[in-house]
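Heads up, the thing below is written out as structure tokens.
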Amino acid sequence: MAAQLHLSVPLPIRASLSSSHRPRMAASTTSLPGRKLRAAVIGGGPAGSSAAEALASGGVETFLFERAPSGAKPCGGAIPLCMLDEFQIPYHLIDRRVTRMRIFSPSNLEVDFGKTLLPHEFIAMLRREVLDSFLRSRAESCGATLIPSLVTDLEVPASENSPYVVHYIAGEGSRRKEKLSVDVVVGADGANSRVAKAIGAGDYEYAIAFQERIKLPDEKMRYYEDLAEMYIGNDVSPDFYGWVFPKCDHVAVGTGTIRAKRDIKLYQRAIRERTRPKISGGKVIKVEAHPIPEHPRPVRVRGRVALVGDAAGYVTKCSGEGIYFAAKSGRMCGEGIVRASEGGMRTVGEGDLRREYLKEWDGKYAATFKVLDMLQSVFYGSDAAREALVELCDDEYVQRMSFESYLYKRLAKGNRWEDVKMLFNTIGSLMRCRIVGRKSEVLSF
């Protein structure tokens with residue numbers, strides 16, 4: 001979601017078009033007549049830019065469509081340490097290196113969730129406008145053609161060998177209508193994806209993230225020098241959390257919810273009240289709101305179209321982490337198309353996209369999304385459960401396992417006896433907060 005921090009432990013989009021008439025396109029290995037495979041990437045955020053870079057680098061003729069190159073999606077802007085190296089993000093783009101994470105329970109019990117960080121470890125905080133601009137520029141340098149434009153429609157072909165036609169309005173503020181024919185499409189155009197709607201990708205739940213950027217006096221900004229904060233409780237969100245994340249010269253203060261979207265401004269007032277002593281005297285310099293997917297779409301590949309990032313629904317529960325998974329899905333999709341097309345020399349079909357992209361993605365990350373979904377349902381359902389969550393987060397073993405999973409995107413190697421201890425501590429915390437007992441009563445009834 002807007003906030004990109006991952007505590008892997010106890011931490012109406014409508015596609016109204018029917019899919020029944022869509023052509024089911026099989027894998028194809030047809031050579032192209034004297035040209036390279038032509039790809040359109042719709043959306044120039046981390047997912048789209050990473051896809052475009054991989055495609056262009058691999059020999060595919062690539063067109064990257066971005067509606068507002070000067071804008072940015074509302075986002076907490078935290079990325080894991082491994083992303084800096086894996087995606088070669090220059091360190092000078094980092095606004096803040098967070099080494100202290102403080103979590104506040106509904107009763108304002110606070111826990112420092114950073115005691116186990118090693119000297120070289122930190123959570124990188126970036127502004128999305130800075131990160132997105134860098135990734136788009138790199139895609140261009142690899143050969144992708146950036147087209148600043150609003151994509152208005154994707155025309156789906158009636159036959160396997162016909163092109164997709166991208167209809168768009170060229171230039172920011174322009175009314176000039178254009179179109180471009182392509183062989184394959186990558187939809188990276190966010191939660192309200194026009195590409196997803198065009199291929200009948202199905203419904204999914206979404207949340208609303210709301211964020212204010214607040215410029216603080218210097219002495220108060222120093223408090224957030226290397227500190228990020230999370231606040232949980234029904235007052236700030238019935239199903240997520242509120243946050244204060246430091247940026248270059250301001251803090252991002254926000255919250256999100258799926259269950260009570262119309263009340264998002266009430267929750268924002270609540271997070272401001274919880275943080276009032278620390279942000280008083282600050283000046284709001286920007287207000288942002290945006291829909292965020294809550295689970296993967298029912299359809300992520302159809303014909304010669306693949307969805308990545310938010311368009312595919314790749315945002316984790318519990319943490320709302322999306323930047324890394326957006327960039328990763330874009331790169332995996334782009335590289336999969338390059339492999340299937342033999343460097344842009346042959347056409348690709350639905351079977352290629354499923355095999356080279358979707359199967360690989362699901363094999364690597366589907367289980368992670370399911371586990372975090374389960375954890376959110378357990379620990380974000382009531383204030384009592386949230387108190388138990390914060391209590392558990394004070395355990396150093398829990399913290400280390402969480403940071404291992406988040407910072408490096410790998411399964412942390414735990415200790416068997418510590419794992420058993422953590423399980424009993426979790427049950428104990430839930431029982432003290434009467435969660436296990438209450439659920440047992442409901443089940444026995």
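Every read-out reported here was derived from the displayed coordinates using simple, explicitly stated rules and does not represent laboratory data. Note that the structure is a prediction, hence the values are computed from the model and not measured.
Gap in Å between the Cα centre of region 129-185 and the Cα centre of region 241-259?
Comparing the Cα centres of region 241-259 and region 129-185, I get a distance of 31 Å.
Can you give me the convex hull volume of the Cα atoms of region 318-377, divided per residue and expressed in Å³? Let's see the in-between values first.
Values: hull volume 4.4 nm³, N = 60.
Enclosed volume per residue, from the Cα hull, is 73 Å³.
By a straight-distance test (C-alpha under 28 Å), which lysines pair with Lys359 as possible cross-link partners, with residues fewer than eight away in the same chain excluded?
Lys36, Lys197, Lys317, Lys328, Lys370, Lys409, Lys413
Based only on the alpha carbon positions, what is the Kirkwood hydrodynamic radius of region 35-128, in angstrom?
On the way: mean 1/r = 0.0619 Å⁻¹.
Result for region 35-128, one decimal place: 16.2 Å.
In whole Hz, with x marking every Gly and Pro, tabulate ³J(HN,Hα) for region 203-217 from phi via Karplus 6.51 cos²θ - 1.76 cosθ + 1.60, θ = phi - 60°.
7, 7, 6, 9, 10, 10, 9, 10, 8, 10, 9, 10, 8, 9, x
May I have the pair-distance distribution P(r) for region 171-223, computed from all Cα-Cα distances with 10 Å bins from 0 and rounded to whole percent?
Going from the shortest bin to the longest, the percentages are 14, 27, 24, 19, 13, 3.
Step through the residues of region 130-145 one at a time and calculate ³J(HN,Hα) from phi using the Karplus curve (6.51 cos²θ - 1.76 cosθ + 1.60, θ = phi - 60°), rounding each to whole Hz and writing x for Gly and Pro.
Each residue's phi maps through the Karplus curve to give 6, 4, 4, 4, 4, 5, 5, 4, 5, 4, 4, 5, 8, x, 6, 9 Hz.
Given H placed 1.01 Å from N in the peptide plane, which residues other than close sequence neighbours of Gly77 have an amide H under 5 Å from its amide H?
Placed amide hydrogens put Gln4 under 5 Å from Gly77.
Using modelled amide H (1.01 Å from N, peptide plane; none on Pro or chain starts), what sits under 5 Å from the amide H of Gly313, excluding residues fewer than 5 places away?
Result for Gly313 returns Arg297.
Two decimals, Cα atoms only, Kirkwood Rh: what is Rg/Rh over region 76-235?
Numbers: Rg = 21.4 Å, Rh = 20.0 Å.
Taking Rg over the Kirkwood Rh, I get 1.07.
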